Every structure is written in structure tokens, then in C-alpha cells.
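Here the structure is laid out as C-alpha cells; the discussion comes afterwards.
The values are calculated or read from the model by the stated rules, or taken from the named source; none is laboratory data. These numbers were taken from a predicted model, which means no experiment stands behind them. Note that we place each Cβ from the backbone using ideal geometry, even for glycine, and neighbour counts take in every protein chain shown. Ligands, DNA and RNA are excluded from the accessible area calculation, which covers all protein heavy atoms including side chains. Shrake-Rupley method; radii C 1.70, N 1.55, O 1.52, S 1.80 Å.
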Amino acid sequence: MDYEDFVKLFLEESADISQTNVMGQNALMVATEYGHLEIVEFLLEETDISIEAKNVDGETALFYPIRTVN
């Protein structure tokens, strides 16, 4: 079982896709931060996760790839 399978399983069990961790990161932010492209694509195509959600530092999921490159 890989990470994408776990995400799908959690969603099948009615996990709250908008839930955040203590840093305010949602699943999309974490997947983006760790470079899990398949999960990012799945979340964007199959869920209503917000790409505009911000973490405690005011960063959206779009910020993580930029930070990783530098």
C-alpha cells in the first residue's frame, strides 16, 4: 500500500479533507511539500480541497514547490 492508497482509504472512510495539522497544513499542502505529485493530482481532481487555504504562516499549497526549489 502506498501513500495514494492511504489517502483514498481515508477519503472512503469519510475523512475530513479540510482537516489541518498544528502548522495549519491541509493534505494538499503536505503532498505538495513532499513532492507526492500523484496525490496532488488526485486531491485536485477528485476532491473539493481548497487551493487557497493558508497555513499558520499565510502560505498556500502553491508556495511549497517554490520554497523547495530554492
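Just a few scattered comments:
- The share of C-alpha pairs in the chain whose separation exceeds 22 Å stands at 16 percent.
- Sorting the segments 30-39, 48-57 by their mean number of nearby beta carbons within 10 angstrom, highest to lowest, gives 30-39, 48-57.
- Cα-centre dipole for region 14-70 with unit charges at Cβ (Lys and Arg positive, Asp and Glu negative), debye to 20: 260
- Heavy-atom surface of the chain, accessible at 1.4 Å and reported per residue (Å²): 72
- Look at the dipole of region 15-70 built from charges on Cβ: of Ala15, Ile66, Asn26, the Cα furthest out on the positive end belongs to Ile66.
- Carbon/sulfur fraction of accessible area - the chain, other protein chains in place, 1.4 Å, %: 55
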